[in-house]
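Here is the structure we will look at, set down as structure tokens.
The values are calculated or read from the model by the stated rules, or taken from the named source; none is laboratory data. Nothing here was measured: the structure is a model prediction, and the numbers come from that model. Every residue, glycine as well, gets a Cβ built from its backbone with ideal geometry; the counts of neighbours run over all protein chains shown.
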Amino acid sequence: MPTESTFLLAGLFLLLAAAGWAMGRFGERDEEEPPPPLNIDYLKGLNFLLNEQTDQALEHFLKMVRVDDKTIETHFALGSLFRRRGEVDRAIRVHQNIIARPDLAAEQRDQALFSLAKDYLKAGLLDRAEKLFVRLSQGSRYQVDALDSLMRIYEQEKDWQRAVDAAQELEVMGGKSLALQIAHYYCELAEAAAGREDYAAARQYVKNAQTGRPRTLRGALVRAHIAQATNDNKTALKLYHRIIDEHTYLIAEALPEIVAIYTRENQLADLDKALQGMLDKNPEMSALLAYTAIVNDIGGIPVIDQCVEHYLLNEPTLAEFIDMQSVAEGEEAALARTRKAMSRLAASTPRYQCQECGFSSQRLLWLCPSCRSWETQRPASRVQFDTVLQHSIT
Ligand SMILES: [Zn+2]
């Protein structure tokens with residue numbers, strides 16, 4: 001079966017013939033070297049194509065049509081067509097061929113280097129792409145695009161300090177705010193520092209994260225974790241409560257930590273009071289509180305248990321099931337059994353979903369691995385009840 005590339009190259013050979021280049025020469029040749037007649041070159045190329053030797057046909061084309069001012073745009077078009085169709089090796093070959101021309105103008109060299117860097121990126125050869133983008137980011141007309149690509153490469157490589165540097169330079173050159181990305185890069189650095197118990201460095205990174213606008217509450221979460229790790233429970237609690245006040249969805253992250261602190265301090269009655277106060281202010285948080293408690297298997301705190309019961313009985317399918325089971329084992333036992341089943345199920349189903357692209361995961365990911373957006377994941381507030389019922393009945 002002839003591939004699309006076969007047709008593409010066949011088209012190019014035909015175009016060349018039709019353009020009347022048959023009468024002249026293809027590109028620059030040495031004076032001593034007589035131009036071979038077109039029909040031989042042309043037939044050789046077509047012969048490769050008929051035998052489905054696409055790479056040989058491409059090599060033949062590159063040899064036959066030297067890069068010069070008249071043909072360079074054809075070469076660029078060919079390279080980018082190959083890349084767009086995922087034939088990256090061929091795109092690389094075409095762009096390297098352009099760069100090999102000794103008397104290439106500076107602007108065309110930059111264009112070829114930029115195209116080659118994009119080929120490398122598409123091929124997953126990040127280190128090679130990085131080298132070229134670094135070169136182009138230092139004063140070429142591709143400076144802004146190169147910095148943007150560098151920022152994304154450093155993100156993928158989790159090289160957060162370099163990502164900060166590229167983003168800050170890009171803010172100056174490109175004139176748009178990257179405060180959210182930069183805040184997350186600093187949070188990544190802060191979490192890494194906290195992970196190696198370098199809390200002074202971690203605090204400094206959080207400070208850097210919190211200078212830009214818009215701010216991310218992730219900085220407050222990291223600060224709360226640092227406070228917890230250094231036994232400053234008062235600060236940790238203050239921060240967790242503030243986080244929930246500002247972004248209710250983060251209760252999914254904060255509640256297990258809050259419960260752990262109150263349990264350690266033996267002050268569960270105070271927690272009950274604090275959560276009741278929160279619900280009085282925001283009654284609509286009841287469902288998310290209940291779901292978070294179910295997912296993390298948190299119980300034994302009156303206000304949480306009430307929310308969970310209310311949650312289970314307000315889901316029509318579940319309520320019907322609990323009703324049915326209540327006849328046999330009493331409502332309390334039926335509720336407890338359903339809650340346990342949901343807890344088990346939640347442990348094996350995705351708990352967070354990206355609002356941009358729908359990518360879901362078990363734990364909160366600040367950077368969506370699918371669409372590369374920051375802070376677009378939100379916790380689920382429902383379990384798949386059909387599966388729960390199957391688990392419960394069998
Ligand atoms: Zn996404």
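Yes/no matrix, rows are residues, columns are (1) under 27 Å from the mean Cα position of the chain (by Cα); (2) within 22 Å of residue 5 (Cβ to Cβ); (3) loosely packed, with under 14 Cβ neighbours inside 10 Å:
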site: 69; (1), (2), (3): no, no, yes
site: 77; (1), (2), (3): no, yes, yes
site: 81; (1), (2), (3): yes, yes, no
site: 84; (1), (2), (3): yes, yes, yes
site: 119; (1), (2), (3): yes, yes, no
Take the residues of segment 299-316 that are free of Cβ contacts under 8 Å to residues at least 24 places away in the same chain and not in a loop (DSSP other than H, G, I, E, B): which is nearest to residue 259 (Cα to Cα)? 305
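Quick grid of which residues meet (1) closer than 27 Å to residue 215 by Cβ; (2) crowded, with 17+ Cβ neighbours inside 10 Å; (3) at pLDDT below 90:
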{"position": "246", "(1), (2), (3)": "yes, no, yes"}
{"position": "259", "(1), (2), (3)": "yes, yes, no"}
{"position": "323", "(1), (2), (3)": "no, no, yes"}
{"position": "330", "(1), (2), (3)": "no, no, yes"}
Could you look through segment 198-223, keep only residues that are of a type outside the set (Val, Ile, Thr), touching a residue at least 12 places away in the same chain (Cβ under 8 Å) and not in a helix (DSSP H, G or I), and pick out the one that is surrounded by the most Cβ atoms within 10 Å (Cβ to Cβ)? 217
Quick one: residue 349 ticks every box in (1) away from the ligand (no atom under 13 Å from the Cβ); (2) at pLDDT 85 or above; (3) assigned to a loop (DSSP other than H, G, I, E, B) except a single one, so which number is it? (2)
Considering only segment 353-369, state which residues are part of a strand (DSSP E or B), more than 7 Å from the ligand (Cβ to nearest atom) and not aliphatic (A, V, I, L, M). 353, 360, 361
Sole miss for residue 372 among (1) touching a residue at least 60 places away in the same chain (Cβ under 8 Å); (2) in a loop (DSSP other than H, G, I, E, B); (3) touching a strand residue (DSSP E or B) at 6+ places or on another chain (Cβ under 8 Å) is condition (3)
